[in-house]
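Heads up: the structure comes next, in structure tokens.
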Amino acid sequence: MNIYYGTGDIKAQPCEHTAGLVSTGICRCENNDKMTIRKNGRIDWSLFYCEQGCIDFNGVSIKKGELWIYPPNVMQRYTVYAKDRSVYRYLHFNGSHVEKLLSELCIPTEQPIDHIKESLTETFQKLSTDAEANTALSRLRAEYHILYLLSKLSKPSEEEKTFGILTRVIDSMEHNFSAPYNAKDYADMLYISVSRFNHFFKESVGVSPHKYYMNIRIKNAQELLEQTDIPINVIAKTCGYEDALYFAQAFKKHVGTTPSEYRRIKNNN
């Protein structure tokens with residue numbers, strides 16, 4: 001077995017950018033087993049991507065398509081075996097906000113990252129090209145590719161995913177407020193029941209989804225009354241009310257005045 005102790009590592013001081021490329025490359029294990037031992041780790045971050053075979057990180061194995069990240073100054077010990085015909089890409093990088101970035105993106109360290117569904121080989125190839133060029137522009141491109149790579153490793157929590165969909169629900173409400181309110185359509189966007197949707201929306205936003213929807217209608221009606229001379233019955237239909245009388249009642253309940261009184265007060269001001 002060939003053992004490497006890190007004596008030939010490229011070292012670089014932390015950069016002031018979010019992420020800076022230190023070194024990158026590809027390793028193939030075809031003839032002899034290979035082990036790397038860095039007792040004190042590296043002063044930068046180390047990322048490994050298994051393209052073929054597997055890599056053993058001190059008893060924990062990652063397979064094709066999986067990754068592993070070591071933080072700075074942490075002992076590294078990993079092995080690849082010739083029988084597995086293993087191929088892996090490595091990336092060493094540093095930066096002023098890497099630790100915070102990994103935390104915010106929920107990217108784990110010192111454990112397998114196994115949820116990636118696409119090949120990352122092309123990104124590593126671009127990083128290799130940037131490393132060879134070593135110009136101001138290539139270093140800027142390398143930072144972009146590192147950040148792109150990290151974005152692919154992010155695994156949002158179920159709560160974050162749901163809030164992301166909730167944002168789309170609210171956006172849909174904002175753009176379709178003239179249509180009849182349909183709670184099931186919005187619940188379906190989150191793949192939950194109507195009762196669960198109503199509870200989750202109110203818990204997250206502070207008001208029920210129906211009230212939020214009605215508030216959007218009234219808000220738009222207020223803007224039209226203030227900024228245009230459009231007849232009130234037309235404004236009512238524009239905001240989803242076929243009955244102008246019902247619109248006037250809903251408007252007064254929400255604002256405290258009728259639509260005509262509201263328009264007159266705003267015009268006088």
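No lab work stands behind these numbers, since they all come straight from the coordinates. Not measured: the values here are computed from a predicted model. As a convention, Cβ positions derive from the backbone with ideal geometry for all residues, glycine included, and neighbour counts pool all protein chains shown.
Using a Förster radius of 51 Å, what is the FRET efficiency between V74 and N176 based on their Cβ-Cβ separation? Nearest 0.05, please. The pair V74/N176 has a calculated efficiency of 0.50. For the options I192, I55, I43, a Gaussian network treatment of the chain with springs between C-alpha atoms closer than 10 Å singles out I192 as fluctuating the most.
Each residue, E30 and V194, gets one label point 7 Å from its Cα in the Cβ direction; the gap between the two is 6.5 nm. Summarising the label geometry, the points placed 7 Å from Cα in the beta-carbon direction at I165 and V234 lie 4.0 nm from one another. Rounded to 0.05, the FRET efficiency of the K117 and H254 pair, given R0 = 35 Å and the Cβ-Cβ distance, is 0.15. Over the chain, Cα pairs under 8 Å with separation of 6+ residues give a relative contact order of 15 percent.
A helix-only calculation puts the chain at -14500 deg cm²/dmol for mean residue ellipticity at 222 nm, using -39500 (n - 2.57) for each DSSP H run of at least four residues, averaged over all residues. Is there a pair in K64/K152; K39/K117; K237/K266; K155/K211 whose C-alpha atoms are over 27 Å apart, and which pairs would that be? From K64/K152; K39/K117; K237/K266; K155/K211, over 27 Å: K39/K117; K155/K211. Only Lys, Arg, Asp and Glu carry charge here, each on its Cβ (+1 for the first two, -1 for the last two); on that basis the chain has a dipole of about 220 debye about its Cα centre.
Would you list, by chain and number, the aspartates and glutamates whose Cα falls below 17 Å from the Cα of K100, excluding same-chain residues fewer than 8 positions away? K100 reaches E16, D44, E110, E143. Could you tell me whether the stretch 2-153 comes out rounded, prolate or oblate from its Cα gyration tensor? Rule is a ≥ b ≥ c as square roots of the eigenvalues, rounded for a/c under 1.5, then prolate if a/b exceeds b/c, otherwise oblate. It comes out rounded by the Cα gyration axes. Longest stretch of the chain clear of exposed loop sites (GluC sites (Glu not before Pro), DSSP loop, at most 16 other Cβ atoms within 10 Å, sites excluded): 119-241.
Once both labels are positioned 7 Å from their Cα atoms along Cα-to-Cβ, the gap between D185 and K100 label points is 4.2 nm.
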